[in-house]
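Input: a single structure, listed below in structure tokens.
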């Protein structure tokens with residue numbers, strides 16, 4: 001068994017020896033993206049298990065070890081970890097836990113400390129916790145090398161594109177399951193490419209983007225017109241089926257097309273915030289230059305994805321990050337960056353501008369910044385855009401799924417009524433035009 005080692009502060013370290021012996025447990029948030037991330041970590045020599053345990057037991061474990069005033073995503077992530085350790089065949093003395101740590105003002109930066117506190121309370125303080133961060137915490141047995149970071153960025157871009165096109169095809173596919181099968185095939189093909197040392201040049205990236213669009217474009221679909229529903233909110237409940245009670249699947253069952261903004265904008269937003277810090281509070285010009293370089297690199301990759309979607313002549317493309325910045329002006333300033341910050345408001349505005357005025361804003365309990373930039377901005381957005389049909393849905397341990405779904409159904413009913421009214425007005429306009437031409 002690997003020897004337990006601690007740093008000067010008493011923090012348990014993940015060592016090189018543990019890398020060889022331990023299984024790293026990784027929470028689930030974005031099924032497509034995180035599935036590829038897991039396999040990329042395995043290519044680096046880590047043994048990684050992605051957690052998909054669900055059910056009330058996850059919430060109950062979270063409530064047992066996390067104060068119920070803590071934000072709901074923290075409760076779920078920590079509950080999922082402890083539930084998996086307690087109710088699996090894994091040796092708890094041979095597992096480590098992987099969790100992100102942004103280092104920003106959001107309490108998500110402190111999930112890692114809440115997790116360690118929960119482990120100690122559950123008599124599992126011997127389990128190491130690995131921080132996925134840019135230098136916030138370091139471990140001898142876990143390193144984010146430059147090549148790995150590049151692969152993760154590329155996997156994120158591929159994941160965003162696949163999620164985008166799949167969401168535009170799945171509601172209309174003539175053969176149920178064909179879209180999901182193609183998603184799995186492409187994820188497998190991309191990871192095999194990474195393993196072979198491919199997929200790591202922008203020139204190749206653009207070629208693969210076009211191939212993905214063409215493959216999904218070839219899936220036979222109906223011409224049925226469906227209500228498009230945007231999904232925004234705190235990043236975990238926005239994406240995680242565990243956090244939002246399978247929101248996307250519910251929208252599909254109600255005959256709607258989910259429209260979910262990608263992860264790339266959030267990553268650019270987080271990098272951009274470091275530049276804003278220097279502008280507002282002062283700091284190193286070297287830091288500003290470095291973060292600008294990182295931001296431009298990801299933005300260029302994002303533009304390649306947007307160009308591929310536009311070339312397809314079939315799929316709607318999101319706007320670039322710069323467009324989101326422009327949309328947020330007059331609503332929130334760049335200094336409003338805790339949690340999802342001004343980006344959440346900008347995502348709602350982009351959805352409205354791009355023809356998706358029906359929006360679910362996922363609001364987890366305890367996420368105070370999210371309530372300000374999400375629920376708090378809905379009235380102003382509706383005042384400026386009469387077509388905006390936005391509903392804020394609360395997610396917390398005591399919220400019932402049926403209540404959440406009923407509120408979404410009411411939003412959908414309003415959307416269908418507006419669509420019917422629009423169709424009637426269009427028909428009347430066409431009839432009048434024909435009568436005038438006939439005269």
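The values are calculated or read from the model by the stated rules, or taken from the named source; none is laboratory data. A quick note: this is a predicted structure, and the numbers were derived from the prediction, not measured. We place every Cβ from the backbone using ideal geometry, glycine too, and count neighbours over all the protein chains shown.
So for segment 213-224 (the condition being within 27 Å of residue 346 (Cβ to Cβ) and not in a helix (DSSP H, G or I)), does at least one residue qualify? No: zero hits. Tell me, yes or no, whether segment 182-189 has at least one residue that is in a loop (DSSP other than H, G, I, E, B), without any contact (Cβ under 8 Å) to a residue 24 or more places away in the chain, closer than 23 Å to residue 304 by Cα and not assigned by TED's automatic domain parsing to the domain that holds residue 24. No, every residue in segment 182-189 fails to be in a loop (DSSP other than H, G, I, E, B), without any contact (Cβ under 8 Å) to a residue 24 or more places away in the chain, closer than 23 Å to residue 304 by Cα and not assigned by TED's automatic domain parsing to the domain that holds residue 24. For segment 69-101, enumerate the residues that are assigned to a loop (DSSP other than H, G, I, E, B), under 22 Å from residue 15 (Cα atoms) and touching a helix residue (DSSP H, G or I) at 6+ places or on another chain (Cβ under 9 Å). 90, 101, listed by residue number.
When segment 396-413 is limited to residues that are touching a strand residue (DSSP E or B) at 6+ places or on another chain (Cβ under 8 Å) and at pLDDT 95 or above, the one that is surrounded by the fewest Cβ atoms within 10 Å (Cβ to Cβ) turns out to be 410.
One residue stands out in segment 277-298 among those that are under 20 Å from residue 206 (Cβ atoms) and out of contact with any helix residue (DSSP H, G or I) (no Cβ under 6 Å at 6 or more places or on another chain): the one that is modelled with the lowest pLDDT, namely 297.
Of all residues in segment 106-128, those being closer than 16 Å to residue 65 by Cα, outside any loop (DSSP other than H, G, I, E, B) and either in contact (Cβ under 8 Å) with a residue 60 or more places away in the chain or touching a strand residue (DSSP E or B) at 6+ places or on another chain (Cβ under 8 Å) (or both) number 5. Do we find that residue 48 is closer than 20 Å to residue 156 by Cα and at pLDDT 95 or above in this structure? Considered against the rule, which asks whether it is closer than 20 Å to residue 156 by Cα and at pLDDT 95 or above, residue 48 comes out as yes.
Working only within segment 107-121, note down all residues that are surrounded by fewer than 22 Cβ atoms within 10 Å (Cβ to Cβ) and modelled with pLDDT under 85. Once the filter is applied, which keeps residues that are surrounded by fewer than 22 Cβ atoms within 10 Å (Cβ to Cβ) and modelled with pLDDT under 85, segment 107-121 yields 107, 109, 110.
For segment 152-182, a tally of residues being within 19 Å of residue 101 (Cα to Cα) and buried (at least 21 other Cβ atoms within 10 Å of the Cβ) returns 1.
When 391, 373 are checked against the criterion of being assigned to a helix (DSSP H, G or I) and touching a residue at least 24 places away in the same chain (Cβ under 8 Å), 373 stands alone in meeting it.
When the helices (runs of 4 or more DSSP H) confined to segment 243-359 are screened for residues that are over 21 Å from the mean Cα position of the chain (by Cα), those reaching at least 3 such residues are found at 264-281, 285-311. Note on segment 333-347: among residues that are touching a helix residue (DSSP H, G or I) at 6+ places or on another chain (Cβ under 6 Å) and at pLDDT 95 or above, the one that is surrounded by the most Cβ atoms within 10 Å (Cβ to Cβ) is 344.
One residue is enough: does segment 172-185 have a residue meeting the conditions at pLDDT below 95 and closer than 30 Å to residue 316 by Cβ? Taking every residue of segment 172-185 in turn, none turns out to be at pLDDT below 95 and closer than 30 Å to residue 316 by Cβ. With the structure loaded, tell me whether residue 228 is modelled with pLDDT under 95 and either surrounded by fewer than 22 Cβ atoms within 10 Å (Cβ to Cβ) or in contact with a strand residue (DSSP E or B) (Cβ under 6 Å, 6 or more places away or on another chain) (or both) or whether it fails that test. Judged against the criteria, residue 228 is not a match.
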